[in-house]
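Contents: one structure, followed by commentary.
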Ligand code: MG
């Protein structure tokens, strides 16, 4: 029995994780769930799965009435306690944004396998996260379709045999549009993703391609490749989840119709595979045609900015990430235009500049400064 804690159980990845667990009650057992403030949904989840521990990050949220017998706690430190619990084998981190960093570090330090959907924590705190994983002898298994694909292609192969990886990107709802077109697009259009059904933050990141930049940095840390050997290509059908090219020129890919339940199941059962026929069967004829395009850097400048932040190292990826979180929120609130997201993030990166990182506090400081500076850039528009 694999004992699982889910951080962020009421979001898109959290709910999909629970659906996977529901199909395999003989293998997976939920021991704790956390939510930000959706107490109603959290209450239903703990009842449905008989989960003994529930935590709400928001201290002002009220406990639902019908959760007798459930140990109920609130606050950020209670979320951290869940990540470090003794009775857990796998921590699913499905939190949104850099707020996931400390739970990521806590889970790894405790020696738990980290099933990581919160890529922002790895982007913001890359070296610290790897250090925590080494110290705790803990695995990080990505819940990200591209990185799950790479992991599956790399299994059992010598690291020295890998030449490069190519991450696929759907291109989002605005693929093929130019910069001028994009000045007038509305949040409601940006939230309509063509192939994936996800939360608001990642859906906007997919529309700007900031998500793909975060994934390049994520890949750099997960697979220890330098940036010259990590590329991205637009693949609108989202069927090929990524490519790995080996030194002899041979290329492996992992395929499937888009669903997050597959990478979730793989992260929970890794390195084993669990029989599961509930999902749509792959059919090459239905999947065809499969097409590819180069990334349009002019229309989607957040991609280049994010990769540059990764190359700059130190606190730069944390600054990019925090600025991007503020920019996405401001766009969703109608305070800046779609194209201004890249402008304010670029401004924040310039103003904050380079900082070395040797502690979590360094990352948190850079994150806080970037949020402040980006908010000022938003207000100035
Ligand atoms: Mg992805």
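Nothing in this text is a laboratory measurement; each read-out follows from the coordinates by a stated rule. Keep in mind the model is a prediction, meaning the values are calculated, not measured. Virtual Cβ from ideal backbone geometry, glycine too; neighbours counted across all protein chains shown.
Could you compute the FRET efficiency for residue 354 and residue 297, with r as their C-beta to C-beta distance and R0 at 22 Å, rounded to 0.05?
The computed FRET efficiency comes out at 0.45.
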For the chain, the convex hull over Cα atoms projects on average to an area in nm² of 18.5 nm²
Among 185, 328, 21: highest mean-square fluctuation, GNM of the chain, C-alpha pairs under 10 Å: 185
Once the Cα atoms of segment 70-174 are picked out, what are the Rg and Dmax in Å? 15.4, 50
In deg cm²/dmol, rounded to 500, what helix-only [θ] at 222 nm does the chain give when every DSSP H run of at least 4 residues adds -39500 (n - 2.57) and the total is split over its residues? -13500 deg cm²/dmol
Here the relative contact order (percent) of the chain, from C-alpha pairs under 8 Å and at least 6 apart, is 15 percent
Provide the gained length on full extension for the span residue 86 to residue 37, in nm with one decimal, where the gain is 0.36 nm per separating residue minus the Cα-Cα distance. 15.2 nm
Considering only C-alpha atoms, what is the centroid distance from segment 308-381 to segment 197-217, in Å? 15 Å
Length released on extending from residue 272 to residue 58, taking residue separation times 0.36 nm less the Cα-Cα span: 73.4 nm
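Between residue 227 and residue 27, what FRET efficiency comes out of the Förster formula 1/(1 + (r/R0)^6) with R0 = 56 Å and r the beta carbon distance, rounded to 0.05?
The value I calculate is 0.90.
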When all C-alpha to C-alpha distances in segment 108-147 are sorted into bins of 5 Å, what percent of pairs does each bin hold, rounded to whole numbers? 7, 26, 32, 27, 8, 1
5 Å binning of all Cα-Cα separations within segment 51-124, expressed as whole percents from 0 upward: 3, 17, 25, 24, 17, 10, 4, 1
Of the listed peptides 195-201, 298-304, what is their order by residue-averaged count of other C-beta atoms within 10 Å, with the highest listed first? 298-304, 195-201
Take the alpha carbon atoms of segment 2-142, find their radius of gyration, then divide it by 2.2 N^0.38 Å using N residues; give the quotient. 0.97
Of 42, 290, 262, the one that fluctuates the most in a GNM where the chain has Cα springs shorter than 10 Å: 290
Which of 1, 260 has the fewest other C-beta atoms within 10 Å, and how do the rest follow up to the most? 1, 260
